[in-house]
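Enquirer: What follows is a structure written as structure tokens; I'll ask about it next.
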Amino acid sequence: MAQVEATTERVVGADAETVFDALADYTGTRAKVLPEHFSEYEVREGGDGEGTLVHWKLQATSKRVRDCLLEVSEPADGELVEKDRNSSMVTTWRVTPAGEGRARVVVHTTWQGAGGIGGFFEKTFAPKGLGRIYDAVLDKLAAEVEK
């Protein structure tokens, strides 16, 4: 099994603290910024950053749906880590200042992919698909925090 990685980033027209707080707000903002690829969204514990447990289904393709139960931690300032209890998937969100009134958001996801030919295709195509999904999340996030 090979490790699969996908990274997407964007500079948003709001300060880093505002952007981070929006991403960490699982009971409010986060639900608003998820595109149609996410369903059955439910905060099961917490709801604001560290200690949150959140569930969703992620439909990456017409045939591939991932049932995610994510534990959220904040290992460093400006960083959220979502570890899926149902798989090896880990998503890290980093928010850093990018000039006055601007923030850089980087989302990086890794997981252990399948072996064999299926793993080859997963490693080749999954990062592009996930990148498109996270581009949509970052579009909606920017629209939310730049109001």
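The values are calculated or read from the model by the stated rules, or taken from the named source; none is laboratory data. Given the structure is predicted, the values throughout are model-derived calculations rather than measurements. Virtual Cβ from ideal backbone geometry, glycine too; neighbours counted across all protein chains shown. Accessible surface is based on the protein model in full, side chains and every heavy atom, while ligands, DNA and RNA are left aside. Shrake-Rupley method; radii C 1.70, N 1.55, O 1.52, S 1.80 Å.
Enquirer: Which of the numbered conditions does residue 99 fail, given that it passes all the others? Conditions: (1) open to solvent by 20 Å² or more (accessible area, probe 1.4 Å); (2) at pLDDT 90 or above; (3) part of a helix (DSSP H, G or I).
Expert: Evaluating residue 99 over (1) open to solvent by 20 Å² or more (accessible area, probe 1.4 Å); (2) at pLDDT 90 or above; (3) part of a helix (DSSP H, G or I) leaves (3) as the failure.
Enquirer: Filter segment 25-38 for residues that are touching a helix residue (DSSP H, G or I) at 6+ places or on another chain (Cβ under 8 Å) and open to solvent by less than 40 Å² (accessible area, probe 1.4 Å) and give the result.
Expert: Hits for segment 25-38 are 29, 30, 33, 34, 35.
Enquirer: Just name the residue that is farthest from residue 43 (Cα to Cα) out of those in segment 65-74 that are open to solvent by 60 Å² or more (accessible area, probe 1.4 Å) and part of a strand (DSSP E or B). Walk me through how you get there before you give the answer.
Expert: Step one: list which residues in segment 65-74 are open to solvent by 60 Å² or more (accessible area, probe 1.4 Å), which gives 65, 67, 71, 74.
Keeping just the survivors that are part of a strand (DSSP E or B) gives 65, 67, 71.
Numbers: 65: 19, 67: 14, 71: 10 Å.
Filtering segment 65-74 for residues that are open to solvent by 60 Å² or more (accessible area, probe 1.4 Å) and part of a strand (DSSP E or B), the one farthest from residue 43 (Cα to Cα) comes out as 65.
Enquirer: Right, here's the next one. Going by what's in this entry, would residue 40 be described as assigned to a strand (DSSP E or B) and either among the β-branched types (Val, Ile, Thr) or within 16 Å of the chain's Cα centre (by Cα) (or both)? I'd like the intermediate steps shown before the answer.
Expert: Numbers: assigned to a strand (DSSP E or B): yes; either among the β-branched types (Val, Ile, Thr) or within 16 Å of the chain's Cα centre (by Cα) (or both): yes.
Judged against the criteria, residue 40 is a match.
Enquirer: Here is a further query. Restricting to segment 1-36, name every residue that is part of a strand (DSSP E or B) and either closer than 18 Å to residue 135 by Cβ or of a type in the set (Gly, Ala, Ser) (or both). First the steps, then the outcome.
Expert: First pass over segment 1-36, keeping only residues part of a strand (DSSP E or B): 3-12, 25.
Correct list: 4, 5, 6, 7, 8, 9, 10, 11, 12.
Enquirer: Would you confirm, using the coordinates I've provided, whether residue 4 is at pLDDT below 95 and open to solvent by less than 10 Å² (accessible area, probe 1.4 Å)?
Expert: Numbers: at pLDDT below 95: yes; open to solvent by less than 10 Å² (accessible area, probe 1.4 Å): yes.
Yes.
Residues checked against (1) touching a Lys or Arg at 6+ places or on another chain (Cβ under 7 Å); (2) open to solvent by 30 Å² or more (accessible area, probe 1.4 Å); (3) without any contact (Cβ under 8 Å) to a residue 40 or more places away in the chain:
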| residue | (1), (2), (3) |
| --- | --- |
| 76 | no, yes, yes |
| 80 | no, no, no |
| 83 | no, yes, yes |
| 90 | yes, yes, yes |
| 103 | no, no, no |
| 109 | no, no, no |
